[in-house]
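First comes the structure, then the notes that go with it.
Bear in mind these aren't lab numbers, they're just calculated from the coordinates by the rules spelled out. Source: prediction; values computed, not measured. Note that each Cβ is placed from the backbone with ideal geometry, even for glycine, and that neighbours are counted across all protein chains shown.
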Amino acid sequence: MSDSIVKLQSLLNRDCKIEKTYPSVYGSDAETNIITVEVRCPDGQLHKIRAYREEANVLREFIRTREILDK
């Protein structure tokens, strides 16, 4: 599992919520070279996770899959 997914999963397990993704996860299916995810925690802290190249695509798919399962 990639570092960005491990970091994101750790924050989500602490009841943090994904606030924004750049570029949008659902905006395009085109491969991206970089993705930035902003995660806000209950204590008000904002965390930014960046992934590059192949890891960016894996992270986008992880977010898509997780959001589908949460619904």
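Structure above, values below:
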| read-out | value |
| --- | --- |
| Percent RCO, i.e. relative contact order, over region 3-70, from Cα pairs under 8 Å lying at least 6 residues apart | 32 |
| Nitroxide proxy distance, nm - points 7 Å out along Cα→Cβ at Glu54 and Asp3 | 1.6 |
| Computed E for Asp43/Arg64 - FRET, C-beta separation, R0 30 angstrom, nearest 0.05 | 0.65 |
| √(5λ) per eigenvalue of the Cα gyration tensor, region 3-70, largest first, Å | 19, 12, 11 |
